[in-house]
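What follows is one structure encoded as structure tokens, with my remarks underneath.
Throughout, read-outs are computed from the coordinates displayed, never taken from laboratory work. Small disclaimer: the values here were computed from a predicted structure and weren't measured. Don't worry about glycine lacking a Cβ; one is built from the backbone with ideal geometry, like all the others, and counts go over all protein chains shown.
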């Protein structure tokens with residue numbers, strides 16, 4: 001039998017989110033610091049720059065698929081296996097990993113116990129895939145883990161404009177079915193702008209959409225009817241999503257480019 005204080009809150013860590021068999025552990029304070037690094041660690045924590053880990057409880061019949069190389073601890077009678085059936089399948093998955101930015105070979109962990117993934121400074125979002133009936137397309141590099149019931153496949157762009165100008169890549173990972181998926185995000189879930197469309201259109205200046213319904217038609221278009229007009233307006237091209245579904249949008253790409261207020265004299 002194994003006992004652990006992993007899921008017990010303390011002065012240094014706490015569970016900040018739970019969904020299904022997944023929990024998100026956040027290190028609220030970094031106590032393993034030296035006098036030289038203590039100040040930086042303190043202000044990093046105050047600005048919510050903290051280490052986080054994904055923890056998955058696994059029982060028979062409810063395995064977890066994780067990103068390749070992400071495992072840190074396996075507590076209990078757990079086993080890992082891959083879905084590679086041969087050399088040809090291995091090459092196919094290798095090509096898939098190159099075009100999506102995700103590891104196409106994702107081990108499946110089964111048995112009875114607890115799976116702990118490597119820590120990250122990014123935010124961990126636990127998303128219920130059943131609330132995305134059309135399927136959920138995610139930006140490259142976001143996949144962390146999911147229930148084995150979730151279907152994972154490669155989604156290709158349907159229009160030439162989205163491939164050339166979209167900034168979202170030619171292929172993306174698509175998630176569908178039932179179960180929870182853990183995603184790594186550059187911003188917290190509370191900061192994401194959620195947009196729901198019903199036979200309507202959303203235009204976004206840049207690749208700021210982190211996830212969207214797979215059935216949405218994605219194109220890249222000019223902001224005005226003519227190219228000269230778009231250039232004169234200073235807006236150029238925009239990513240356009242049409243149809244019925246959902247989009248999760250980051251509020252800003254980076255802090256660079258945001259006008260800094262002038263200092264008052």
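For the reader, a short list of remarks on this structure follows.
- Counting neighbouring Cβ atoms within 10 Å and putting the fewest first, the residues 221, 127, 191, 198 line up as 198, 191, 221, 127.
- Here the simple spin-label model places points 7 Å from the Cα toward Cβ, and for residue 46 and residue 178 these points are separated by 4.8 nm.
- By the count of neighbouring beta-carbon atoms within 10 Å, fewest first, 27, 123 end up ordered 27, 123.
- Built from the Cα atoms of segment 31-81, the convex hull projects on average onto 5.5 nm², one quarter of its surface area.
- Gained length - residue 6 relative to residue 68, 0.36 nm times residue gap less alpha-carbon distance: 20.1 nm
- Ranked 249, 220, criterion: other C-beta atoms within 10 Å, fewest first: 249, 220
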